[in-house]
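Written below as structure tokens is the structure these notes are about.
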Amino acid sequence: RHVLFSVAPFVVLLLCVNLKGFPPYTTYMTTLISDVSVIIDDIPNLGDVQVVTGRVLGIPSESLNSFKVALFLFSTTWCNRPSPREPTVEILKDGSWKVNVACFATDALSTMIAAYVVPSTASVTISGGLEHIPVTIQRQSVAHARIGLGLLRFCKCNLWEAVESFSPVFPGPNVYGKEGVYVDDSGALTLRLYRESQNWRSAQVALRHPLSFGRYMIHLSASWTQFDPSVVFGVYLSENQSELQHKRVLQFELATKDKKADVCSESQSRHLIRVTTPKVDTPLTLVLEWAPQKATLRLMKGHVQLRDVSSDTLIEKVTLQGPSVPESESAEIKFSLWSDPLASQSVGREHVVVVNRFAYFKT
């Protein structure tokens, strides 16, 4: 088994034309050199991460000594391997590389592995635990690949993680349980608001990969007419870099409550758009067009393709502009199904939202 993602122009065109969304095991990446790719060979099993091997393709053998591979493991935070003092390994003349990663007890339990091909002079040391690989490292890389171990596989990408919390967290705030997120037999991602003992547990899932500017299409299904007024389904695009003091957040929510206006707080630039759920149980499509300092959200009836977008299917369109829109490569997307903690006792029954499809198109 192996992971390969090339950045040749014809591959990117294939993603756009055939609407394939995410390729297997890894997602898109930022690159500075065309036709360079990195392979992660022999994907280890969860709980058995000891050695990671791979290959670099597309760099002439006489130039390989100008590049190294920086490997990162994620258990609860990202860390350098083999170690912070030795954050990179050499690429051999045949393009192969090898990293011994069983340095600490937590390494075997890693859930994500990321390999970056960077110039030999690049600074890639992570000081302290971070939830995301810094943008400065991503921008120095000429190619990278990322795989998930023990995470959910949805739409050909295995980097979806069910969020679990033992105390209330955003949004809500609510307590989130992993049992509320799963991929069903049809391959759809399901979020379930459920009762555990005497308490309601909300559901949240995050794509553990930094996002790039482009167009995102999300197909949704639910019994919208049966939504309790306290229940909200949200799509959240947020910056989570630990070094950022003011995190930018884009919130798009569906609820039976009245629409809410766009708001911003002092601690973070947060746009909130809440749309009233349809009065019929129709499938929905959410399209996010994301560009520098601009984001356009469209909510449409039915599971439509981008080429079928028309005024006949449009329910709501919102455009946000300015520096408060999250930046590329420093944001991640989350889906959440939650209830207002002040009115959670009125929920009465389980609620389910199905994400039938999630696709990315580079623009």
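Can you tell me how segment 134-199 classifies by the Cα gyration tensor, rounded, prolate or oblate, using a/c under 1.5 as the rounded cut? Let's see the in-between values first.
Values: a/c = 3.51, a/b = 1.59, b/c = 2.20.
Because a/c hits 1.5 or more and a/b fails to exceed b/c, segment 134-199 counts as oblate.
Report the percentage of all Cα-Cα pairs in segment 166-254 whose separation exceeds 24 Å, rounded to a whole percent. The share of Cα pairs beyond 24 Å in segment 166-254 comes to 28 percent. Per the Debye calculation on segment 68-184 with a single equal scatterer at every Cα and no solvent contribution, log₁₀ I(q)/I(0) for q = 0.17, 0.18 Å⁻¹ amounts to -0.92, -1.00. How far is the Cα center of segment 106-147 from the Cα center of segment 294-333, in Å? Taking the Cα centre of each part, segment 106-147 and segment 294-333 sit 30 Å apart.
A probe of 1.4 angstrom, applied to the heavy atoms of all protein chains, finds ILE333 with accessible area near 0 square angstrom.
Excluding ligands, DNA and RNA, the accessible surface per residue across segment 129-202 is 42 Å² with a 1.4 Å probe. With 0.36 nm allotted per residue and the present C-alpha distance subtracted, the THR296-LYS317 stretch has 6.8 nm of extension available.
Give the ranking of LYS334, LYS362 by solvent-accessible surface, highest area first, calculated with a 1.4 Å probe.
From most exposed to least exposed: LYS362, LYS334.
Charge dipole (Cα centre; +1 on Lys/Arg Cβ, -1 on Asp/Glu Cβ; no other charges) of segment 50-208 amounts to roughly 160 debye.
Across segment 187-238, the volume of the C-alpha convex hull divided among the residues equals 149 Å³ per residue. Taking label positions 7 Å along the Cα-Cβ direction at both LYS178 and LEU57, the computed distance is 3.4 nm, reported to one decimal. Rolling a 1.4 Å probe over the protein chains gives ILE315 an accessible area of about 60 Å².
Pairs spanning more than 19 Å between alpha-carbon atoms, out of LYS294/LYS362; LYS257/LYS279; LYS156/LYS334; LYS247/LYS317: LYS247/LYS317. The phi-based Karplus calculation (6.51 cos²θ - 1.76 cosθ + 1.60; θ = phi - 60°) puts the 3J(HN,Hα) values of segment 321-328 at 9, x, x, 7, 6, x, 8, 5 Hz, whole numbers, x for Gly and Pro.
Whole-Hz Karplus values for segment 165-176 come out as 9, 10, 9, x, 9, 5, x, x, x, 9, 9, 10 Hz, taken residue by residue from phi with 6.51 cos²θ - 1.76 cosθ + 1.60 and θ = phi - 60°; glycine and proline positions read x. The heavy atoms of PHE361 present about 10 square angstrom of accessible area, all protein chains included, probe 1.4 Å.
Classify segment 124-170 from the C-alpha gyration tensor, please: rounded if a/c falls under 1.5, else prolate or oblate depending on whether a/b exceeds b/c.
Numbers: a/c = 2.79, a/b = 1.27, b/c = 2.19.
Oblate is the answer for segment 124-170, as a/c is 1.5 or above yet b/c matches or exceeds a/b.
The values are calculated or read from the model by the stated rules, or taken from the named source; none is laboratory data. Note that the structure is predicted; figures quoted are calculated from it, not measured. So basically every Cβ, Gly included, is an ideal-geometry build from the backbone, and we count neighbours across all protein chains shown. Accessible surface areas use protein heavy atoms only, side chains included; no ligands, DNA or RNA. Shrake-Rupley method; radii C 1.70, N 1.55, O 1.52, S 1.80 Å.
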